[in-house]
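The values are calculated or read from the model by the stated rules, or taken from the named source; none is laboratory data. Computed from a predicted model, the values in this text were never measured in an experiment. Cβ atoms come from the backbone with ideal geometry, glycine included; neighbour counts cover every protein chain shown. For accessibility, only protein heavy atoms count, side chains too; no ligands or nucleic acids. Shrake-Rupley method; radii C 1.70, N 1.55, O 1.52, S 1.80 Å.
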Amino acid sequence: MKNAIFILTFILTALTACEDKLDIVPKDQATLSTLDELEYLLNQEYEFYTPFEDLAYICNEACGYGTENISNIYSQPNTLRYAYLFSDESKDRAALCTTDSRYNTIYEYINYMNVILDKIDDVDGDADREATISAEAHIMRAYLHWLAVNIHARQYDESTADTEGGVAYVTDTDVSVQKTKQTLRQVYDHILEDCSETYIEALPDEAPSVVRGGKA
């Protein structure tokens, strides 16, 4: 009987200890439960893994792919590089691009902004600072979508903006749900909403660092 009581006491003690351990935040891991932790998501050196040559070709501001031979690119017409360099609109660029690191990375950063906006009302902190961080997240979300729509959709034209496809404008944190592509007008309307004067006025007069936002 004494052995049974000892074993039962040991088990209860162990379970209590385990439950206590579940409340401990792992070392060097953020729970995103404070304003400081949410602000960390803004303190980034954004890496878009962007081959800027592609964008330069589209704007006719470059004349070659680094050290590549132009005739070699010309001899491979079923490639994105050929379509970009020679402005060949007959090429199905979507079919030639099964993955795009720029697209994926832009939406990864958009998700960071959405996490900030999703959690910021639930953390304790100075109200003015909360407003500043929220404003910066809205404006950065707008900028990231602006990059996405300019790289992956047609140029904005007032006469066709209601019918031309743009990109998905993502404002939630559920990455498991397929997002819906919106029209160009819808995308730009959302961009302007995220860049409202209210958000701009909430920014500091001088940005705290080169990767952060200020009124300018």
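Could you please tell me which pairs satisfy a Cβ distance under 6 Å, a separation of 6+ or placement on different chains, a first residue in the range 151-175 that is more than 20 Å from Ile139 (Cβ to Cβ), and a second residue that is part of a loop (DSSP other than H, G, I, E, B) and open to solvent by 60 Å² or more (accessible area, probe 1.4 Å)?
As it stands, the answer is Glu164/Arg154; Gly165/Lys181, since those pairs meet every condition given.
Could you grab me the full set of residues in the range 81-119 that are farther than 23 Å from Ala142 by Cα and part of a helix (DSSP H, G or I)?
Arg81, Tyr82, Ala83, Tyr84, Leu85
Enumerate the pairs (first residue in the range 99-112 and within 14 Å of Val167 (Cα to Cα); second residue anywhere and small (Gly, Ala, Ser) and surrounded by 18 or more Cβ atoms within 10 Å (Cβ to Cβ)) with beta-carbon separation below 6 Å, excluding pairs fewer than 6 apart on the same chain, so at least 6 apart or on different chains.
Sorted first by the residue in the range 99-112, then by its partner, the pairs are Ile106/Ala148.
Identify, by number, the condition in (1) closer than 22 Å to Val115 by Cα; (2) at pLDDT 80 or above; (3) surrounded by fewer than 10 Cβ atoms within 10 Å (Cβ to Cβ) that Ser90 doesn't meet.
(1)
Quick one: which helices (runs of 4 or more DSSP H) lie wholly within the range 120-216 and hold at least 1 residues that are touching a Gly at 6+ places or on another chain (Cβ under 8 Å) and open to solvent by 50 Å² or more (accessible area, probe 1.4 Å)? Show your work before the answer.
Details: elements: 127-152, 184-194, 197-202.
Once the helices (runs of 4 or more DSSP H) in the range 120-216 are filtered for at least 1 residues that are touching a Gly at 6+ places or on another chain (Cβ under 8 Å) and open to solvent by 50 Å² or more (accessible area, probe 1.4 Å), what remains is 184-194.
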